[in-house]
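Written below as structure tokens is the structure these notes are about.
Rule-based calculations on the coordinates, nothing more; no lab input. Note that this is a predicted model, so its numbers are computed, not measured. A quick note on method: Cβ atoms are made from the backbone with ideal geometry, for glycine too, and the neighbour counts reach across all protein chains shown.
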Amino acid sequence: MNPKLIIADEPTAGLDVSVQGEILNLLNRLQDELGVAMFIITHNLNIVRHISDHTAIMYLGRFVELGPTDDIFEQPRHPYTLALLSANPEPDPDAAISRIELKGEVPSLMDRPAGCEFHTRCPFVGDGCDTTPPPLFTVSGAHTLTCHYRRG
């Protein structure tokens, strides 16, 4: 069928780690051999880092940070991205881990907060976050985010 795009929604969810590796290797091989683009939807950040060239982080179904995967993982700028990455398991038992704990409930999609939709849980909330939606900022090249108090 020669698709130009493969969309995979949680392609490794519920699978044993060894089977996950086989699926990821298969997706990488398809990408290399067929030149097909992949759109991977997942909560597993380790998969994102392993298989993706570009990453988009969503909160309440909206993009809050987008960019090259290496940039997102090495220099996360949006507070939600920082929190997600701080919650990612660290295999090194001696590594210093600084977790960002998000307080409060996830808002309802039916009753979205005014302003920045993340302000009700953001550890860096400031003036204007609760009233004005943040604009889209380009921080470097293709790395963009929506945040009044962007990091970096």
Segment 47-79 versus segment 1-35: alpha-carbon centroid distance in Å: 19
Which of 56, 96, 142 fluctuates most in a GNM of the chain (C-alpha springs under 10 Å)? That residue is 96
Nearest 10 degrees is fine. How inclined is helix 17-34 to the longest principal axis of the chain, computing both from alpha carbons? 80
Translational D (Stokes-Einstein, µm²/s) of the chain at 4 °C and 1.567 mPa s when Rh comes from the Kirkwood sum over C-alpha pairs? 76
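Of the listed peptides 43-53, 128-138, 71-81, what is their order by residue-averaged count of other C-beta atoms within 10 Å, with the highest listed first? Please report the intermediate quantities before stating the final value.
Working: 43-53: 16.0, 128-138: 13.8, 71-81: 21.0.
Most protected by this proxy first, the peptides run 71-81, 43-53, 128-138.
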Simple label model, 7 Å out from Cα along Cβ direction - residue 85 to residue 114, nm: 3.3
Tell me the relative contact order for the chain as a rounded percent, counting alpha carbon contacts under 8 Å between residues six or more apart. 18
